[in-house]
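S.K.: Starting off with a structure, shown below.
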Number of protein chains: 2
Amino acid sequence: MIIAQSIKEPIAAEYAKFSQLFETAFQTSDPILKQVYAHLLSTKGKQIRPVLTLLSAKLCGEVHQATYFAAIGLELLHTVSLIHDDVVDETLQRRGLPSINSAFSNKVAVLSGDYLLAQAFSYVGKFDDQRLTDAFTGVGKTLTEGELLQLRNYNRPQFDEKLYLNIIAKKTAVLFSSCMYTGAVSASATDEQIENLRLFGEYLGLCFQIKDDIFDYSNSNEIGKPTANDIREKKITLPLIYAYNNASEEEKSTADNLLKMPVLDKQAIDWLLNFAQQKGGIKYAESRMAEYRQLAVKQLTGFDNSEITDSLIAALDYIITRKK
Amino acid sequence: MIIAQSIKEPIAAEYAKFSQLFETAFQTSDPILKQVYAHLLSTKGKQIRPVLTLLSAKLCGEVHQATYFAAIGLELLHTVSLIHDDVVDETLQRRGLPSINSAFSNKVAVLSGDYLLAQAFSYVGKFDDQRLTDAFTGVGKTLTEGELLQLRNYNRPQFDEKLYLNIIAKKTAVLFSSCMYTGAVSASATDEQIENLRLFGEYLGLCFQIKDDIFDYSNSNEIGKPTANDIREKKITLPLIYAYNNASEEEKSTADNLLKMPVLDKQAIDWLLNFAQQKGGIKYAESRMAEYRQLAVKQLTGFDNSEITDSLIAALDYIITRKK
């Protein structure tokens, strides 16, 4: 079994320093922000993204001041995207606790997100490498572009794998690839190393989102039954895309008609779940993850610090095999 | 009569270049963003903030590339704060047209705001002067702090002029002072010049918000009767603060009780409007503007380009005497 702790082993000291610095980014005298921050820090998750930044830097040399700034800034960008997503999707829970919009209000959630976004970009001013600056503003825009692309696809569902991959590359994989990229750049890696590690992050990020999307259809998650949240919201992900494109005309027309319902009822959701499973949609999505895993691992061949490459592969396998 | 056009005269060529550059910040291939941007550009207002940045730079020397970047970035920050405010306040109209949240959706408004915020901060990477970088991230945080401070005051109304001035300094005046500050810094002004112009912007910004707050109580605005929006939302501004602090115990207790109503009815609103007017709250607010005007003008004494100082004073007077 893969334990998240072992992934961090080669960068244990650096991760401890990161954690300390990360908390200082949440110092504030505003009493409302104080409460929001306490809430955020109590639900901060596994912080896989900063771990990747630190591993990437150490694989290429050493963790520098700029590595920490990049790791903190990107984790803040990620945090803001969750806070604002929960507002617009009216999500009430996040990591088992109330979301910021539900624990406080939409107003507090939007404002504290904006504040943290300014905080995230304040690290940009500390870089003296234009590549780090560009990566930062690029990721801020790309995340939003991904969400907007997905929004358009909600309104007019398309069963298009290429479009799906483009959406998840933008809304999810870009953060992982930027973590690996900025880690490598901050450690003065060669252009080839930087590109290899950026691609590793991109493939890992695609696996991350495909895995998330499989949970929606799968009995193998922690709660033992499909969550079906995406289907309920008519979000078309890989298992359903594959099923649709390998279905009879009759099945396609059934799927089309169900997705035209203003609100999907239980029967419609069950039909679509079953359709995606029976047509091999989950197996296909798993096979795509396996392909991306292989491509990711291939990027690491030129690196000789096997302790760290092992950790990166362990992170990849953790993402692919996790149960939630 | 003051015509906005005459304020721009000394920087007509620079403003034309700014306008052109500003529009390029709104280039996008995303069809949703395209619509949002077209909507924003059709309602972009008088752009008094970038005009101030350009005037400030030219007063100290010349408008440089960094001046344009600062002007564009700060106007984008201002635009985002309006878009996100309209989401959280559920405002349906802005400058006579539907707000982004009402014309599109909350989701599109939050996301396009986030995208523009990343765009605004992308200019930070173009500065090679740390003072400009710091001003930028500082203003992003201060704006949010002001909104949060105001939010706390909604929940527990306080008739405290110092608190009021702190709120409006943060939520409004900081943008104006930053415009003047970055303009001066970008033109390599002396520290004294920079501080004088920053203060000019601060005083002008205080006047801007006090004037806005007077409209709520006054018959002298364009529609001829008080809008009373702030009172309706229990937002305590200067005219009411002055009235309260100069009222009898009985009047104070009436005001307290009215503001405890979950929703203020017409009678309560009328009583508070009348109370603020009768106690001289509007006159007092106007006298504060006159004091800040004097302090602002005083900051310009050391500058000898009278064409530009005249324009700055005209901008100040425009803000103080406008009817909407």
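S.K.: In whole Hz, what ³J(HN,Hα) sequence does the stretch B:52-64 give by Karplus (6.51, -1.76, 1.60; θ = phi - 60°), x for Gly and Pro?
M.R.: After applying 6.51 cos²θ - 1.76 cosθ + 1.60, I find 5, 4, 5, 4, 4, 5, 5, 5, 9, x, 9, 7, 10 Hz.
S.K.: Hey, what do the phi angles of the stretch A:127-141 turn into as Karplus ³J(HN,Hα) couplings, whole Hz, using 6.51/-1.76/1.60 and θ = phi - 60°, x for Gly and Pro?
M.R.: 7, 10, 10, 4, 5, 6, 4, 5, 4, 5, 6, x, 5, x, 6
S.K.: Sort shortest first the distances from B:GLN20 to its counterpart in every other copy, using label points 7 Å along the Cα-to-beta-carbon line, and give them in nm.
M.R.: Distances between equivalent label points, in nm: 5.3.
S.K.: Taking chain A as the reference, fit the longest principal axis to its C-alpha atoms, fit the long axis of helix A:65-88 to the helix C-alpha atoms, and give the angle between the two in degrees, 0 to 90, nearest 10.
M.R.: 30
S.K.: Which FRET efficiency value, to the nearest 0.05, do you get for B:LYS260 and A:SER19 by plugging their Cβ-Cβ distance into 1/(1 + (r/R0)^6) with R0 = 45 Å?
M.R.: The formula returns an efficiency of 0.50 here.
S.K.: In terms of the ratio Rg/(2.2 N^0.38 Å) built on C-alpha atoms, what value belongs to the stretch A:92-138?
M.R.: 1.55
S.K.: Another question, then. Taking a label point 7 Å from Cα toward Cβ, how far is B:LEU295 from its twins in the other copies, in nm, shortest first?
M.R.: Going from nearest to farthest copy, the values are 6.0 nm.
S.K.: Based on the Cα coordinates of the protein assembly as shown, what is the per residue volume of their convex hull in Å³?
M.R.: In the protein assembly as shown, the Cα hull volume divided by residue count equals 165 Å³.
S.K.: Once every DSSP H run of n ≥ 4 in chain B is given -39500 (n - 2.57) and the sum is divided by its residues, what mean residue ellipticity at 222 nm do you get, rounded to the nearest 500 deg cm²/dmol?
M.R.: -22500 deg cm²/dmol
S.K.: A follow-up question, please. Mind checking the dipole of the protein assembly as shown: about its Cα centre, +1 per Lys or Arg Cβ, -1 per Asp or Glu Cβ, Debye to the nearest 20?
M.R.: With Lys and Arg at +1 and Asp and Glu at -1, about 1020 debye.
S.K.: Round to the nearest 10 and give me the degree value, 0 to 90, for the angle of helix A:249-259's Cα axis relative to the longest principal axis of chain A.
M.R.: It is inclined by approximately 60 degrees.
S.K.: Which distances in nm, rounded to one decimal and ordered from shortest, link the label point of A:LYS324 to the equivalent label points in the other identical copies, with labels set 7 Å from Cα toward Cβ?
M.R.: Result, one decimal in nm: 5.5.
S.K.: Let me ask something additional. On a C-alpha basis, how far is the centre of the stretch B:168-189 from the centre of the stretch A:76-140 in Å? Whole number, if you could?
M.R.: 25
S.K.: Right, something else. Given B:LYS107/B:LYS141; A:LYS44/A:LYS225; B:LYS170/B:LYS211; B:LYS34/B:LYS107, which pairs have Cα atoms separated by over 18 Å?
M.R.: B:LYS107/B:LYS141; A:LYS44/A:LYS225
S.K.: May I pose another question? Over all directions, what mean area does the Cα convex hull of the stretch B:1-138 project, stated in square nanometres?
M.R.: Quarter of the Cα hull surface area: 9.2 nm².
S.K.: Mind checking the angle between helix A:12-24 and chain A's longest principal axis? C-alpha axes, 0 to 90 degrees, to the nearest 10.
M.R.: That helix lies at roughly 90 degrees to the long axis.
S.K.: For B:LYS44, which sequence-distant residues (separation of 5 or more, or a different chain) have an amide H within less than 5 Å of its own amide H, given hydrogens modelled in the peptide plane?
M.R.: Amide H to amide H, under 5 Å and 5 or more residues apart or across chains, B:LYS44 pairs with nothing.
S.K.: Please build a GNM for chain B, connecting alpha carbons under 10 Å apart, and tell me which residue among B:ARG198, B:ARG95, B:ARG232 fluctuates the most.
M.R.: B:ARG95
S.K.: Provide, as a two-decimal number, the C-alpha radius of gyration of the stretch A:59-183 over 2.2 N^0.38 Å, N being how many residues it has.
M.R.: The stretch A:59-183 yields a ratio of 1.16.
S.K.: A further question on this structure: Between B:SER248 and A:ASP160, what FRET efficiency comes out of the Förster formula 1/(1 + (r/R0)^6) with R0 = 56 Å and r the beta carbon distance, rounded to 0.05?
M.R.: Efficiency at R0 = 56 Å is approximately 0.20.
S.K.: Specify, for chain B, the residue whose C-beta is closest to the rotation axis mapping it onto chain A, with the distance given in whole Å.
M.R.: Closest to the axis: B:PHE121, 2.
S.K.: Something else now. What spacing in nm lies between the two simple spin-label points modelled at B:THR227 and B:ASP270, each 7 Å away from Cα in the Cβ direction?
M.R.: Distance between label points: 2.2 nm.
S.K.: If I model a spin label as a point 7 Å beyond the Cα along the Cα-Cβ vector, how far apart are those points for B:LEU41 and B:GLU307 in nm?
M.R.: It works out to 3.0 nm between the two label points.
S.K.: On to the next question. Quick one: net charge of B:SER19's neighbours, Cβ under 14 Å, K/R +1, D/E -1?
M.R.: Net charge in that neighbourhood comes out at +2.
S.K.: Evaluate the charge dipole of the stretch A:4-321 about its Cα centre and quote only its size in Debye, nearest 20, assuming +1 on the Cβ of each Lys and Arg and -1 on the Cβ of each Asp and Glu.
M.R.: 480
S.K.: If we restrict to alpha carbons, what Rg and Dmax does chain B come to, in Å?
M.R.: 20.1, 62
Since every read-out is calculated from the coordinates, none of them should be taken as a lab result. Given the structure is predicted, the values throughout are model-derived calculations rather than measurements. Here the Cβ is made from the backbone with ideal geometry for all residues, glycine too, and neighbour counts use every protein chain on show.
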